[in-house]
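Novice: I'd like to ask you about the structure that follows.
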Amino acid sequence: MHDPQVTVSVTESSSQKITVDGAVTEAGVFEMKGRTTLQQAVAMAKGATRTADLRNVAVFRTVDDQRTVAVFDLIAIRMGEAPDPVLMGDDIVVVDTSQMSVLLREALAALPGLAVFRSY
């Protein structure tokens, strides 16, 4: 054969994954499709819950066999006041829970009669 032509096509690639956990609607492991930011990762988990503390969103990453963590303010990111970090494969995103929101919801659930006034 002189000057053979070869065509290669990729049918499936090994994708990178991220984990989103904590105060999100649907925690889980998600496939990254190209460049993925922190905001996009939270959106992949169907958004934060009403008890989420968006000022404390942690991203865990392993660098040179060392576990590292960075904390981001998602509210500032959404307002354009802080950059939206790009995630890497195997990153773990944890959205914290606002303890005040949790306590208030638990109190209202325990005392439903106080939440609604009714006439008899």
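Novice: Using amide H atoms built 1.01 Å from N in the peptide plane, name the residues 5+ places from residue 53, or on other chains, whose amide H lies under 5 Å from its own.
Specialist: Answer set, sorted by chain and number: 96, 97, 98.
Novice: Counting other C-beta atoms within 10 Å, which of 71, 24 has the fewest, and how do the rest follow?
Specialist: Arranged by neighbour count, lowest to highest, 71, 24 become 71, 24.
Novice: Take the Cα atoms of the range 17-112, build their convex hull, and give its volume per residue in Å³. Intermediate values should be presented prior to the final figure.
Specialist: Working: hull volume 10.2 nm³, N = 96.
Considering the Cα atoms of the range 17-112, their hull volume per residue is 106 Å³.
Every number in this text was worked out from the coordinates using simple rules, so none of it is lab data. All of these numbers come straight from a predicted model, not from anything done at the bench. Every residue, glycine as well, gets a Cβ built from its backbone with ideal geometry; the counts of neighbours run over all protein chains shown.
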